[in-house]
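*Asks:* Have a look at the structure that comes next, please.
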Amino acid sequence: MRFSILLALLAQTLAPPPKPGHAAIAAAPAEVNGKPGTKLALFVDVTPKPGMHVYAPGNADYIPITIKLAAPAAIKAGKTAYPKSEVMTLADEKVSVFQKPFRLTQDVTVDKSAQAGSTIVVPATVNYQACDDKVCYPPESASVSWTVMVK
């Protein structure tokens, strides 16, 4: 018994530390219902850490936040909708950023061939670059997923 406790402690000690992340990112809600042939909205809630910002689409030379679906054939990806961004002045340029909590909306359509009663897992990766007022950090990724309950 003591050996297993020591082994667990050793594994915990040797495990790589969790990636810090400069924003909290979560699928919301993680489960949604939809009928075959219907359009659904999947949401990603993003909360930059205090003093941080992430870039909105449309800025040259900056990496915007994006959602990349790895959807199965039963889910067809649509467009991602972004909320209104804020304008921030960096040195001598103005850029569009998100500094406060915000929500991305990813439209998808449940294929007409999806079977009622089935569940479809829709994994995605959220890619972004976070910066504070002094440093832009290396690009980061966060995994999210939704479970679509076909009705």
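*Asks:* Read through the list (1) part of a strand (DSSP E or B); (2) basic (K, R); (3) without any contact (Cβ under 8 Å) to a residue 24 or more places away in the chain, then give the number of the only condition that K134 fails.
*Replies:* Here K134 meets the rest and fails (1).
*Asks:* Among the residues of segment 69-100, write down those that are exposed (fewer than 12 other Cβ atoms within 10 Å of the Cβ), within 14 Å of H53 (Cβ to Cβ) and either of a type in the set (G, A, S) or at pLDDT 95 or above (or both).
*Replies:* V87, K100, listed by residue number.
*Asks:* Among all residue pairs at least 6 apart or on different chains, which show Cβ distances below 8 Å where the first residue, located in segment 104-117, is in contact (Cβ under 8 Å) with a residue 60 or more places away in the chain and the second is outside any loop (DSSP other than H, G, I, E, B) and of a type in the set (F, W, Y)?
*Replies:* L104/F43; T105/F43; Q106/F43
*Asks:* Now for a separate question. Those residues that are closer than 30 Å to K151 by Cβ and in a strand (DSSP E or B), I need them from segment 93-113; list them, please.
*Replies:* Those that are closer than 30 Å to K151 by Cβ and in a strand (DSSP E or B): F102, R103, L104, T105, Q106, D107, V108, T109, V110.
*Asks:* Here is a follow-up. Evaluate the following for K100: is it within 29 Å of N33 (Cβ to Cβ) and more than 15 Å from the chain's Cα centre (by Cα)?
*Replies:* No: the conditions fail for K100.
*Asks:* So, one more: Just the residues that are surrounded by 14 or more Cβ atoms within 10 Å (Cβ to Cβ) and either basic (K, R) or over 30 Å from K84 (Cβ atoms) (or both), please, taken from segment 104-135.
*Replies:* D111, A114, I120 - these are the residues of segment 104-135 that are surrounded by 14 or more Cβ atoms within 10 Å (Cβ to Cβ) and either basic (K, R) or over 30 Å from K84 (Cβ atoms) (or both).
*Asks:* Tell me which residues, restricted to segment 121-138, are at pLDDT below 95 and among the hydroxyl-bearing types (S, T, Y).
*Replies:* Y137
*Asks:* Kindly indicate whether T89 is outside any loop (DSSP other than H, G, I, E, B) and within 15 Å of the chain's Cα centre (by Cα).
*Replies:* Against the criterion (outside any loop (DSSP other than H, G, I, E, B) and within 15 Å of the chain's Cα centre (by Cα)), T89 does not qualify.
The values are calculated or read from the model by the stated rules, or taken from the named source; none is laboratory data. These figures come from a predicted structure and were not determined experimentally. As a convention, Cβ positions derive from the backbone with ideal geometry for all residues, glycine included, and neighbour counts pool all protein chains shown.
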